[in-house]
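Structure record follows, encoded as structure tokens.
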Amino acid sequence: MRALAASYRLGRARLELAGEHAGRQYLDNNEDGAASIEPWTVAHAAVALALPGLFGSKLTEVSARVTNVFDTHYETAGYVDYPAPAFAPTPVCIPAASRAVFVGVKTSL
């Protein structure tokens, strides 16, 4: 897996952009394309604003973060199962989380 991130600060504001990419992941030692997870790429973003003196604090920072910005549907892991009655190899993929939004407030008194 590869990851790349960049951060830019402008005055009291901060912007962060990040991306992750993973190539094909095989679920067994056969390197069979039918038992593999497709390559995927996802993007994340965050913004923050420092607010000195808010509510009598030394520094308050308000932030928001969005993971999986484009709501990409992809799998992060999996395995090959052999369910009854046929006991035929069946790939089972575990999906990744969809888009998520986080907000936060951090303060120093």
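Brief remarks on what is shown
- Qualifying residue in the stretch 22-38 (condition: among the polar types (S, T, N, Q), in a loop (DSSP other than H, G, I, E, B), closer than 18 Å to VAL103 by Cβ and out of contact with any Pro (no Cβ under 9 Å at 6 or more places or on another chain)): no
- Of all residues in the stretch 77-101 being surrounded by 10 or more Cβ atoms within 10 Å (Cβ to Cβ), without any contact (Cβ under 8 Å) to a residue 24 or more places away in the chain and not aliphatic (A, V, I, L, M), the one that is farthest from HIS44 (Cα to Cα): PRO83
- The stretch 38-61, residues that are at pLDDT below 95 and hydrophobic (A, V, I, L, M, F, W, C): ALA50, LEU51, LEU54, PHE55, LEU59
- Taking the criterion of being within 25 Å of ALA77 (Cβ to Cβ), among the small types (Gly, Ala, Ser) and touching a residue at least 12 places away in the same chain (Cβ under 8 Å), the residues of the stretch 1-45 that qualify are ALA3, ALA5, ALA18, GLY19, ALA22, GLY23, ALA34, ALA35, SER36, ALA43, ALA45.
- For the stretch 93-109, filtering for residues that are in a loop (DSSP other than H, G, I, E, B) and either over 29 Å from ALA13 (Cβ atoms) or under 17 Å from the mean Cα position of the chain (by Cα) (or both) leaves 4.
- The residues of the stretch 78-92 that are of a type in the set (Gly, Ala, Ser) and more than 24 Å from the chain's Cα centre (by Cα), listed by number, are ALA84, ALA86, ALA88.
- Of the residues making up the stretch 44-64, those that are surrounded by fewer than 16 Cβ atoms within 10 Å (Cβ to Cβ) and in a strand (DSSP E or B) are ALA45, VAL47, LEU49, LEU51, PRO52, LEU59, VAL62, ALA64.
The values are calculated or read from the model by the stated rules, or taken from the named source; none is laboratory data. Note that the coordinates shown come from a computational prediction; the quantities given were computed from them, not determined experimentally. All Cβ positions, glycine included, derive from the backbone under ideal geometry; neighbour counts span all protein chains shown.
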